[in-house]
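Here's the structure, in C-alpha cells; my notes come after.
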C-alpha cells in the first residue's frame, strides 16, 4: 500500500518581478500597518505599484529631502499615507525615543 501523498504544489509567480531581489522595508505586497520607514532605506521600484500606492511617491520625496538633512528620523506607514506635501522642514519621529504610541481620546 502506497502512502497518501498530497497533490504537487503548483509554482505561482509572485505578483512582482523584483520580489526576490528587493529589500524595501515597505513592500506593497506585505502587511504595512505598523511598519516604519527611514529615509536612507530602499524604496519599491515597481512602477505599477507607484501609481496605486501613493505612499511610495511620498517616500521618494522624503528621500530627496533627506540628502540635505540626513537626521530626518523615521516615518510610519500611516503618516506616509496622510502626508500630502513634503516641505524642506519635514521631520519624522526621533528614533532615540522609540515608536510613538497612538493617543486615546480622553473625556474630561
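Taking the conditions exactly as written (touching a residue at least 12 places away in the same chain (Cβ under 8 Å), outside any loop (DSSP other than H, G, I, E, B) and surrounded by 13 or more Cβ atoms within 10 Å (Cβ to Cβ)), does residue 32 satisfy them or not?
Numbers: touching a residue at least 12 places away in the same chain (Cβ under 8 Å): yes; outside any loop (DSSP other than H, G, I, E, B): no; surrounded by 13 or more Cβ atoms within 10 Å (Cβ to Cβ): yes.
Considered against the rule, which asks whether it is touching a residue at least 12 places away in the same chain (Cβ under 8 Å), outside any loop (DSSP other than H, G, I, E, B) and surrounded by 13 or more Cβ atoms within 10 Å (Cβ to Cβ), residue 32 comes out as no.
Pull up segment 42-57, narrow it to residues that are touching a helix residue (DSSP H, G or I) at 6+ places or on another chain (Cβ under 8 Å) and under 13 Å from residue 19 (Cα atoms), then point me to the one that is surrounded by the most Cβ atoms within 10 Å (Cβ to Cβ). So that I can check it myself, show each step before the final result.
So in segment 42-57, the residues touching a helix residue (DSSP H, G or I) at 6+ places or on another chain (Cβ under 8 Å) come out as 43-44, 49-50, 54-57.
In the following step, the residues that additionally are under 13 Å from residue 19 (Cα atoms) were identified as 43-44, 49.
Details: 43: 19, 44: 21, 49: 18.
Filtering segment 42-57 for residues that are touching a helix residue (DSSP H, G or I) at 6+ places or on another chain (Cβ under 8 Å) and under 13 Å from residue 19 (Cα atoms), the one surrounded by the most Cβ atoms within 10 Å (Cβ to Cβ) comes out as 44.
Note down all Cβ pairs under 6 Å where the first residue falls in segment 87-108 and is under 16 Å from residue 38 (Cα atoms), the second is assigned to a loop (DSSP other than H, G, I, E, B) and modelled with pLDDT under 75, and they're at least six residues apart or on different chains.
Pairs that qualify, where the first residue is under 16 Å from residue 38 (Cα atoms) and the partner is assigned to a loop (DSSP other than H, G, I, E, B) and modelled with pLDDT under 75, are 93/100.
The values are calculated or read from the model by the stated rules, or taken from the named source; none is laboratory data. Computed from a predicted model, the values in this text were never measured in an experiment. Note: ideal-geometry Cβ built from the backbone for every residue, glycine included; neighbour counts use all protein chains shown.
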